[in-house]
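First comes the structure, then the notes that go with it.
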Amino acid sequence: MNPDPSPLKPGFDPDRAFLIELWGRRTPTTVIILVTNVLVYLLMEFAGGTMNEATLLAFGVKSNPAIDQGEIWRFVTPVFIHIGILHLALNSYALWIVGQQVERLYGSARFVSLYVLMGISGVAGSYFYHPMSLSAGASGAIFGLFGVLLIFGLRHRKTVPAFFRRAIGRGVLPVILLNLVIGFAIPVIDNAAHVGGLLAGIALASFVGFKPPGSQTHPFFWATQAIAVATILLSFYQVGLHYDGPRPGIDNFGGGWRQMLSGQSASEQFIEAVNSSQESFVSSRRAIRRGTTSTAEYRPLSEELADSIDRLRSAPTLSESVNDSVENLIAVMEDQYSLVQEILRTERLTPDRRETADLNAVRYGKAQAEILEWVRNEGGKYGLELQDRDEQEGAAGPR
C-alpha cells in the first residue's frame, strides 16, 4: 500500500537534505483540524455548553444506545468534540506538537486518512469497553499519531538521520507509556479510546510508507484523503439533519460553566426548574381558590413565583422539541405572578381575577402536559422519568 519509493536518494549531505525538506513542508491539515475543533467547541458553547449532556448528545458524542439505533456517524464526530476548555486546550497542544511532525513526514493526504482512521478506532475502543458512558475528544487520534511516530522510527531506522530517529522512534515510547499510566490511574479518562487509537496508529504505520523528500503523492492517497474528508462532512451533515438539542443562542453561551459551578447536570437543573414552577403555581392556585386576600400569604407566594420564573429562564434547554413548551410555561407563570401582584396590591379577589386564575390553570395544565409527554417520549436519554406526586393533586412530575 506504499506506491512511493521508500529509500532516500543519495546526495551531498543526505541528513541535511532530509531535514531541510522535512521542516520546509507546510502543515495545513493540522491547522484545519485545530480550527475545526475550536469552532465546534464555540458552537456548542452557544448551544448550552460542552458540559451539557443534551448538547453533547445533539452534537454527536459517542453514545452506545444512539449508535446501536443506527447513528454510526458517532464513530467520527466525537473526534472533533471536546468536553470543557481544559480538554480542548490539552488536546490542541498535543495535536499541534505531534500532528505537525506526522504531517511533515507523511504529507497532508496520508495524514488526513491516518487521523480519521485512528480517531474512529479510538471511538470504537470506547464503544466496546465503556458502553455506558458518553465520550468525545481527539486523544484517541493523538495517541495514534504517537504510535505512527514510534513505528516510523523503528521501520526507517536505516534511512533517516540517527538523532531524528532517536527522537521520534524510541523517544516517544516513554511519552506513550506515561500517558497510558495516567489514563489508567484516573477513572474519568477513557483509556480504551487511547489504546484503540494507539493500536490503529501502530498498525497503519506498519504498512503505510512516509513521503520521502522530493517524492510526489500517489493518486491513491489523494483518493483516501477525499474519502476521509467526505466521511467527516457527511457525519456532521447527519448531526445537523438529526439535531434535537438546545437552540444555539447568546443566552445559552457559557451554560457549561454555570453547570460546573452549580455542581448540577443540565438535566438536574431542568428538573428543579420545572418542579419548582409546579409547586409555586399550585400553591398560588390553592390560595386563590380559598378566596383569601391576606398580604401575609400572598407576599411569599409572589416571591416563590418570581424565583420559579427565574429558574425556568436560566435552566439549560435540553431539546429543541421541548423549548416551545417551556416558553409557554414561562408565559403562564408570568401571568400568574402578575395576578398575584394585583391581589397583593389591592387585597381584593374579584370575579374577573378568579376567571383569570382559572384560565391560567388551563394554560398551565396544557404546558405541563406537553412537557410531561416529552419526558415520557424522550426523557430517558437525558436521565429523566416520571414520578407520581400526590401532594400536587395527582399530577406527575419529572425527576
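In the stretch 264-398, if the dipole is taken from +1 on Lys/Arg beta carbons and -1 on Asp/Glu beta carbons about the Cα centre, which of Phe270, Thr295, Ser280 is farthest to the positive end? Going by the charge dipole, the pick is Thr295. Computed about the Cα centre, the dipole magnitude for the stretch 264-398 is approximately 420 debye when only Lys and Arg (+1) and Asp and Glu (-1) carry charge, each at its Cβ.
Given R0 = 35 Å, the distance between the Cβ atoms of Tyr129 and Lys366 translates into a calculated FRET efficiency of 0.15.
Every read-out reported here was derived from the displayed coordinates using simple, explicitly stated rules and does not represent laboratory data. What you see is a predicted model; the values in this text were computed from it and never measured. Don't worry about glycine lacking a Cβ; one is built from the backbone with ideal geometry, like all the others, and counts go over all protein chains shown.
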